[in-house]
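Before any comments, here is the structure.
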Amino acid sequence: MEEFYIWRRAIGGSLLVVVIALTAWYRPSWVSSYTTRWRSDSAAALNVLGFLFLFLLLAAVLHRLFSAFKPAPPGGTSTWCAMGLTVCTILAPQLSRPIRNLLLLRIANVPAEAHRQAQRLVDANFRSPPERAERALVMLLRSGIDPQSDPLPITQPAYRLLMRATELFLQIREWEENSRYGAFLLEARNEFDELRQCFHRLTLRSARALKSIERVGELRLQFSEASPSAAQDEETDKLLRAMVHDSLAGLCEDANAFLLDASLLCARAAFTVHRSAGRRDEALQCMGFELTPEPTPRVYGGLLQGVLVLFFGLGVYFWLAPRLPSNVLSQPQLFIVILTTQVGALASAIMPKLHFGFANAGLTRRTPVTFVVAAGLASVVAMLLINLVAGSLTNGWEGVVARLKEARFFTLSPFTTAAMLAWLIQDHRWRRLSPLRRRLCDALAMGCAWMAVSALLQALIFTGVIQRGTPDLIDVLFNVLFSLGFGAIIGAVVPHLARGEQPVVPPETMAAPTSARLRPVLQD
């Protein structure tokens, strides 16, 4: 009966932690509109799993500690204390915000994903239906702007930008009549109102600027009739040309800024309403954007495949190898600890590479040695924490001491895995080789590193530094050769997926899109 109450309290506390963690993640709610649904939900799931793990860990550790008290506290004390500490951690910004901002929002790619999509929309061609183009023309005419008044060549880019801005604004304004975008408009009402004001300011300034340019042309005509001197005409032309250039440059900058803000709002709306990339592109194409399909990004492919390789590889090792000695953990528990340790080593190298600039060689193509060493040290810290938790859950404080004593020499393994992987995943590594040869070099490097660590550990066991008895020669050869093959498989599968490939683009395909940001070009 007591066990039933323990499980009931654990499940109830877990559900409460899940609800509070989800509620805290989606506050403020506009954060999720700056990335895809999949990224936002994945980060939310990691957030929930992290706090759920913290709650269960605190409950288990406190239960161990309270059970040693005489007399023991009432039943459920450890669960309630663990839940209180977890909820305080979730709700305290000083505790939860660093993890949220430095890790989870980077995993969700907030707000960079929305800005990337907005820039994609700005660079894309834009073509509205004829009825919307007519409405845009009428709106500009009411503002004192006539794009069809046979404008000068120098003003054509500005008129095209104004037409596109007006058509896009009309498209966004139609969302108020579309129930699918009602929830997003309710959330982004302030941004929508600011965009409306920005559009009115843009049309007002554009009308004044274009009228000023027209008056400059009239002034130039009158001045040329009154002054027959060619030298004076040339000086006057330079001054007037500079005035026109400055006016048009400012007009184009304002229009481009409006288009970027409007495109960002369109991207956020697509992220909020549609889950899949295909549906988002379809909705954006209905708005008028002519988009080409984007390749599916390999965000965490290397890490996921590495986890699968480690799981099956360690399973084969535990099946074939002799029983691993441990005074604290059973074989299944030891399997979980080793698997978690090696996964932490992979994550220590791959996650910073994906989200932080200091982990990349960049244009200098110089390996960040500090990151390589830091990745190895982070994996060692993670290993010690994992073994500390495993020892405390199995045998309390005595289990912690015994487990850390057993694992102290084996910190070489995660350090080597993380450091070697951090070195291999740099974008410039083996760049001059073909993809197949790059993967072969990765496999050889990782396999040799694992084999060297295994040989060193076997030597420490053979000399008695690690007290496990005298190993058989067959066991030594098996461990060394298995490490070579296992490490080679990891090297062949993981590093190339974590690199940022830069395909060679032919010069003729690098022309800017026709609707790229326009600038006035003055002809002498």
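By counting other Cβ atoms within 10 Å of each Cβ, how are D254, D237, D472 ranked from fewest to most? Don't skip to the end; give the middle numbers.
Numbers: D254 20, D237 14, D472 10.
Final ranking by Cβ density, sparse to dense: D472, D237, D254.
Which listed residue (I99, C88, A44) has the Cα farthest towards the positive end of the charge dipole for the chain, taking +1 on Lys and Arg C-beta and -1 on Asp and Glu C-beta about the Cα centre?
Farthest along the dipole direction, towards plus: C88.
Is the range 298-500 rounded, prolate or oblate when judged by the Cα gyration tensor, a ≥ b ≥ c being the square roots of its eigenvalues, rounded requiring a/c under 1.5 and prolate requiring a/b larger than b/c?
Numbers: a/c = 2.05, a/b = 1.55, b/c = 1.33.
Prolate shape, in that a/c is at least 1.5 and a/b is the bigger ratio.
Please compute the alpha carbon radius of gyration of the chain, then divide it by the globular-protein estimate 2.2 N^0.38 Å. Two decimals is fine. Don't skip to the end; give the middle numbers.
Numbers: Rg = 31.9 Å, N = 524, 2.2 N^0.38 = 23.8 Å.
Here the answer is 1.34, to two decimals.
Show the residues, 5+ positions off or on another chain, whose built amide H is closer than 5 Å to the amide H of I466.
Residues meeting the criterion, in which the H sits 1.01 Å from N, are I461.
Take S14, S206 and order them by how many other Cβ atoms sit within 10 Å, fewest up front. Don't jump to the answer; show the numbers that get you there.
Values: S14 19, S206 25.
If I rank by nearby Cβ atoms, fewest first, I get S14, S206.
Quick one: grab Rg to one decimal and Dmax as a whole number for the range 14-150, Cα atoms only, in Å.
When restricted to the Cα atoms of the range 14-150, Rg and Dmax are 25.6, 94 Å.
Using the basic label-point model (7 angstrom from Cα toward the beta carbon), what is the L433 to E191 distance in nanometres?
About 4.5 nm, to one decimal.
What is the dipole size for the chain, taken about its Cα centre, with +1 at each Lys and Arg Cβ and -1 at each Asp and Glu Cβ, in debye to the nearest 20?
Working: 52 positive and 41 negative charges, 354 e Å.
It comes to approximately 1700 debye.
Can you give me the span-like helices of the chain, meaning DSSP H runs with 24 Å or more of Cα extent along the axis and Kyte-Doolittle mean at or above 0.0? Intermediate results must be reported in sequence, preceding the final value.
Values: long enough: 2-25 (34 Å, 1.01); 37-67 (44 Å, 1.14); 156-173 (26 Å, 0.02); 189-226 (56 Å, -0.68); 230-273 (63 Å, 0.34); 301-320 (28 Å, 1.80); 331-355 (35 Å, 0.95); 369-407 (39 Å, 1.29); 435-463 (42 Å, 1.00); 473-493 (30 Å, 2.11).
Both cut-offs are met by 2-25, 37-67, 156-173, 230-273, 301-320, 331-355, 369-407, 435-463, 473-493.
Quick note: the coordinates plus some simple rules give every number you see, no bench work behind them. Not measured: the values here are computed from a predicted model. Positions of Cβ are generated from backbone atoms using ideal geometry, with glycine treated the same way; all protein chains shown enter the neighbour counts.
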